[in-house]
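Single-structure report; data block below.
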Amino acid sequence: MFRRQQQSNNNNEDSDEDEFSSSNTNLTPLTPPISPRSSSNNVLVNIARFLNLSAIGVLSVVSVLLFIQLQAVSLQVASEQKQIDELKKTIEQSETDIQIQVEKQKDLTIVNIAGTFTLLSCIVTMFHMSSHLKKMNQPFVQRKIMAILWMSPVYGITSFLSLLIPAAGPYFGIVKDFYESYVIYQFLSFLIAVLGRGERQIVVDKLAAHAAHLKQPYKWLRCLFHPSPEESDEAKANAVLLECQFLAMQFVFFRPVTAIVSFVLESMREGDVGGFSSPDFIIMMIENISVFLAFSGLLKFYHAVQDDLAWCQPFAKFLTIKGVVFMTFWQGLAISIIFHANTNDKNSDDDDDVSSQSSSGYSAKGIQHILICMEMLFFSAAHWCVFPAEEWEEGYQVKHGGGPTFAFEDFASDVNMIIDSGKRSRNARKERQNALDDAKRSPSYGASEDGEFPLVDSSEVV
C-alpha cells in the first residue's frame, strides 16, 4: 500500500511538470528584441569612452613629460642664475679692486708730488744755510737766522710724514707747534742781536734813548724787574726789554703743552663735546691769550726801535715767518669748514655714497698737509730773498730794487715822461699861437719899410 501511494505521488508530480512546461511554452517574451541600430550606438559609445580614456592617458603622459621638462629647465635656470650671481660678484670684486688700485695710484702720485716739493724746499734751505756758513761774518746774528731757516723744512717734513703715517700725524703736529713758537722767540732774539751786535747793554742804551715813547711794563711782571722801571730811563729800558723777552718766551712753553693736552683729550674723547665749557674751548682760549702776549711783546720792541732796524727790513722778514703760521692756520680752518659743509650736504642726500667716497678721499687734515708741503718751497725761496748772507758782510749797503721785480715802477715812470712831454708840447704851441694872435692885433703887424705887408708862412704859425 505504501508503494502504491508513493507511485501515485510521483505520477502527480510528473503531471504537474508537464503542465508547467506546457504553460511556459504558451507564454510570450516580455523584453523586446534588440535591433541592429541600437547595437551600433553601443559600439560608438564604447569607442568614445575608449577615446576619452586614451586622450586622458595621453594628456597625463604629456603633462608628466612637461612637468619633468619644466623641472629640468628650472634647475638649469637656477644653475645659470647662480653662475650669473657668481660672475656679478666677481665683476664687483674686480671693480672694487680696480678702484682700490686707482686710489692707491692717486695716493702715490699725490705723495710723490708732496715729497718732491718737500725735497726741493729742503734743498733750497740747505743751499741758503751753506751760504751763511761760508760767510759767517756775524755769528751772533746768523745763528738766529739759521734757526729761523729751519722752519720751512720742519713744516714740510712733518706734513709729509703725516701723509705717509696718518696715525703719527698728531705727534708730528706737536713738533710743528713747538718749532712755531720757538721761531717767534728766535725772531725777537734776532732783532735784539742785530740792534746790539751781540751786546745786551747796547740794546738797553738804544731803548733808553726812546724812553719817553716807551710804555710802562705790565704791573704783574714787576717781580722780574731789578732795578725798578721808575728809577731811571735805563732801568725802564731794561724792564721793557725783559718784558718783551718774557712775553715771547712764555709762548715757547705754553704752545707745546697745549698741543699735548689737546692730543690727549682727543684720544680719550668718546663723542662730540662742544660748548664754552668744553676742554677744547678752554685750551683754545689759553693758546690765543699766549699768542696775543707773545706778539704784543714782539710788536712793542719793534715799534720802539723800528728806525734803528729799518736798514735790514725787519717787517719783510717778519712776514715770511708769520706768513707760514698765519697762512697755514687760516688755510686749514677754511679747508675744514668747506670739507665738513660738503660732507654734511652729501650725508643729507645719500649716506651710502658719502661713506664710499669718504673712505677713498682725503680728509681735511690730509689736504692741509699736501698744501703745506707745496707751499714750503715758496717760503724757502722767500727766506732766501729776505735773509741774504751778503747782508752781514762788512760795508754792506742796502740795495733798493735789486731783487726780482716786474719793473712796474719803471714802466709808470716812462708813461709819465711821455705824458709830460705831450703836455709841454701842447703848452708851447699855445704860447706861440697866443703870441701870433697878439702880433696880428697890433697896428704895425705886417708893415714893412715900403708899406707892403709880407706874406706869413702857415708852417710858422703852427
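The values are calculated or read from the model by the stated rules, or taken from the named source; none is laboratory data. Computed from a prediction, not measured in an experiment: that's the story for all the values here. Note: ideal-geometry Cβ built from the backbone for every residue, glycine included; neighbour counts use all protein chains shown. Ligands, DNA and RNA are stripped out before the accessible areas are found, and what is left, the full protein with its side chains, is counted by its heavy atoms. Shrake-Rupley method; radii C 1.70, N 1.55, O 1.52, S 1.80 Å.
The 3J(HN,Hα) values that the Karplus relation (6.51, -1.76, 1.60; θ = phi - 60°) gives for the range 70-79 are, in residue order, 4, 5, 5, 5, 4, 5, 5, 5, 4, 5 Hz. Gly and Pro appear as x. Rolling a 1.4 Å probe over the heavy atoms of the protein chains gives the range 37-112 an accessible area of 87 Å² per residue.
Applied to the range 111-120, the Karplus parametrisation 6.51 cos²θ - 1.76 cosθ + 1.60 on θ = phi - 60° returns per-residue 3J(HN,Hα) values of 5, 5, 5, 4, x, 5, 5, 5, 5, 5 Hz, with x for Gly and Pro.
Excluding GLY156 itself, calculate the net charge of residues whose Cβ lies under 12 Å from the Cβ of GLY156, where each Lys or Arg counts +1 and each Asp or Glu counts -1.
Working: positive: LYS176; negative: GLU375.
Taking every other residue near GLY156 into account, the sum is 0.
Peptides 285-295, 317-327 ordered by packing proxy, namely the average of other Cβ atoms within 10 Å per residue, highest first: 317-327, 285-295.
Keeping every protein chain in place, order LYS365, LYS88 by accessible area at 1.4 Å, biggest value first, i.e. largest first. If you can, show how the numbers build up before the last one.
On the way: LYS365 130, LYS88 110 Å².
Ranking LYS365, LYS88 by accessible area, largest first, yields LYS365, LYS88.
Tell me, Kirkwood radius of the range 54-137 from alpha-carbon pair distances, in Å? Provide the component values of the computation, followed by the final result.
Numbers: mean 1/r = 0.0504 Å⁻¹.
This gives a value of 19.9 Å.
As a fraction of the 1.4 Å probe accessible area of the range 76-145, surface on carbon and sulfur atoms comes out at 62 percent.
Between VAL257 and PHE329, the modelled labels are 1.9 nm apart [label points 7 Å from Cα along Cα→Cβ]. Too long at a 20 Å Cα-Cα cut-off: which of LYS236/LYS300; LYS134/LYS322; LYS144/LYS176; LYS144/LYS219; LYS106/LYS365; LYS176/LYS322? LYS134/LYS322; LYS144/LYS219, as the Cα separations exceed 20 Å there.
Can you give me the convex hull volume of the Cα atoms of the range 86-126, divided per residue and expressed in Å³?
On the way: hull volume 1.1 nm³, N = 41.
It comes to 26 Å³ per residue, whole-number rounded.
For LEU309, no residue has an amide H sitting under 5 Å from its own, ignoring neighbours fewer than 5 places away on the same chain, with H placed 1.01 Å from N. Per-residue 3J(HN,Hα) values for the range 171-187, derived from phi via the Karplus relation 6.51 cos²θ - 1.76 cosθ + 1.60 with θ = phi - 60°, read 5, 5, x, 5, 4, 5, 5, 5, 6, 4, 5, 5, 5, 4, 5, 5, 5 Hz in sequence order (x marks Gly and Pro). Here the range 174-299 was treated as a single set of alpha-carbon atoms; its pair distances binned every 10 Å from 0 give 12, 35, 27, 16, 8, 2 percent.
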